[in-house]
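Below: one structure, written as structure tokens.
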Amino acid sequence: MRRAGIERPDLPERPEEGLDPADWDALRELGHRLVDDVVEYHRRIGERPAWRAVPESSRRAIDRPLPREGVGEEAAYAAFAEHVLAYPYGNIHPRHWGWVNGTGTTFGAFAELLAAAMNSNCWGGEHAAARVEARVLDWLKELVGYSAEASGLLLSGGSEANLVGLAAARDARAGGDVGRDGVFGLSERPVAYCSTETHNSVLKSASLLGFGAAGVRALPVDDAYRMDVDALRRAIAEDRASGRRPVCVIGTAGTVNTGAIDPLEALADLCAEEGLWLHVDGAFGAVAALSPALRPLLAGMERADSLAFDLHKWLYMPIEAAVVLVRDRADHRRPFASAAGYLTRMERGIASGEHFYSDLGPQLTRGFRAAKAWLSFVAHGTDRYARLVEQNVRQARRLEALVADEPKLELPAPVPLNVVCLRYAPEGLDDDEALDSLNRELLMRLQESGEAAPSGTAVRGRFALRCAFTNHRTRDSDLQRFVRASVRIGDEIRREMA
Ligand SMILES: *Cc1c(COP(=O)(O)O)cnc(C)c1O
């Protein structure tokens, strides 16, 4: 049969090949060396600076031209070890507390190797990885006190987990059939509510989901940086009165700036009264539920219609991993489930079973993220994680006390959980602009000197250093060293300014 109009260029015959090594024993030996290197790398990480810029020679080595001819695994690894491995971002270091970055673990890195070795596609079906993910989701629900009936999905991070939670919220509560008609088919403009302290990933999601910046109301916070529930109530009433449609409230369990926890019980009550969806962004804070002592701070979180949190922050698993939990299974599927001939389900074989994750999120081909979670929980036990979470909170309080005892430093925000904001602000230096630029310089020098890696933020418009403790390698001596270095370098900059 002639196939009209299909061009098929001639391809020369060649010997068969693949990407497996010619010499398996040599690759095995390289693998052993690589594992040895990784173990030493982590074991001695505290002896290195918290951060080092990539030197010029290594930048050049990284920026090599597209390699048409390969140099072999051995030489490729040697180049990587010298020019890449040596200059990490720093969150594996005991004195990295910038942004919110989990430490990861050596065993977690091994888990990533195993997951990559299996290379399972976790879109769904009947295979061990799909079952491992289902089990991990059940464990995560149990850990945060969420309904066992709920649906869930592992994702790349809190940003994507927020996106999926909010997509479910929109399609469940915006009125109309968004799946069919899109947001343009809605008769009333949908509105989502959050606070001024809400993470910007929520705003990105709202933008992608068609709420637009004007469809997200950022409500004021109280002195402890928690959402003002009365302001929320008023905003909902105003929006209803002017023909807009309140859809969902986004509460935060552990705000990125200060670790504040919104009044989740009150938010859940209000959402129930008003028929709104409650989404909780618990990126790191939700994990405090592992600690019986801290859990009461999160009361109400378990009532959320959807809950997002990271595994790669306060559960110390290698990046990337997060989870979204959605109370109602149909709500979770609604934005994402769609049939396709090439994804036909079967009664038996690989495309059978009950776990089809691609119906629950944006990805089709999905990695085996559950491997690191399953292995880490089984290896360490969740009690150990609970103790580490408490240790990080104690460290935040310890740093708070050290700063409070140091006359040249100040605390611009309370420390409800594991985040400490601080500022170098000695007596006699009252100019806000000058203090901001001094503290910016202090932050950069702390990082450049390799002493420690906090990050910077704005607390009520003023620049502050910020430490988030999601690090299992930090010890008390690291906190003392950081405070001493902050004062020493702060004094140095002040002398230069004079
Ligand atoms: C980190 C963070 C996010 C985003 O999560 P990623 O894993 O970085 O995508 C969202 N909300 C809060 C409060 C966070 O701390």
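The values are calculated or read from the model by the stated rules, or taken from the named source; none is laboratory data. Please read all numbers here as calculations on a predicted model, not as lab measurements. All Cβ positions, even for glycine, are placed from backbone atoms using ideal geometry, and neighbour counts span all protein chains on display. The protein model used for the area step is the full one, side chains on, heavy atoms only, and it has no ligands, DNA or RNA in it. Shrake-Rupley method; radii C 1.70, N 1.55, O 1.52, S 1.80 Å.
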Problem - Portion, in percent, of the accessible area of the chain that falls on carbon or sulfur, probe 1.4 Å - result: 51 percent
Practice task
Mind running the shape call on the stretch 1-59? Use the C-alpha gyration tensor, a ≥ b ≥ c as the square roots of the eigenvalues: rounded below 1.5 for a/c, prolate if a/b tops b/c, oblate otherwise.
Solution key: prolate
Completion exercise
Inter-part gap, Cα centre of the stretch 105-156 to Cα centre of the stretch 445-498, in whole angstrom, is 36 Å
Exercise for the section: Of all alpha-carbon pairs in the chain, indicate the percentage at a distance above 29 angstrom. Expected result: 58 percent
Exercise for the section: Run through the DSSP bridge list for the chain and note the antiparallel percent, rounded to the nearest 5. Expected result: 60 percent
Handout entry: Calculated FRET efficiency for the pair Asp36/Ser57, C-beta based, R₀ 30 Å, to 0.05
Key = 0.75
Completion exercise
The lysines whose Cα lies under 16 Å from the Cα of Lys313, excluding any fewer than 8 residues away in the same chain, are Lys372
Handout entry: Over the chain, relative contact order from alpha-carbon pairs under 8 Å, at least 6 apart, %
Key = 21 percent
Handout entry: Gyration tensor verdict on the stretch 362-492 (Cα atoms; rounded if a/c is under 1.5, prolate if a/b is larger than b/c, oblate otherwise)
Key = prolate
Problem - Cα centroid separation - the stretch 1-72 against the stretch 185-240, whole Å - result: 46 Å
Exercise for the section: Might you report the magnitude of the Cβ-based charge dipole of the chain about its Cα centre, with Lys and Arg at +1 and Asp and Glu at -1, to the nearest 20 debye? Expected result: 340 debye
Fill in the blank from the handout: Magnitude of the Cβ-charge dipole (Lys and Arg +1, Asp and Glu -1) of the stretch 300-439 about the Cα centre, nearest 20 debye, reported as 1220 debye
Completion exercise
The answer for the chain, counting only DSSP H helices whose Cα atoms cover 27 angstrom or more along the axis and whose Kyte-Doolittle average is -1.0 or greater, is 24-43, 382-404, 476-497
Completion exercise
Between the modelled labels at Ala379 and Asn119 (7 Å from Cα along Cα→Cβ) the distance in nm is 2.3 nm
Practice task
Please give the per residue accessible area of the chain, computed with a probe of 1.4 Å over protein heavy atoms only, in Å².
Solution key: 49 Å²
Problem - Only Lys, Arg (+1) and Asp, Glu (-1) charged, at Cβ; the stretch 163-244 dipole about Cα centre in debye - result: 200 debye
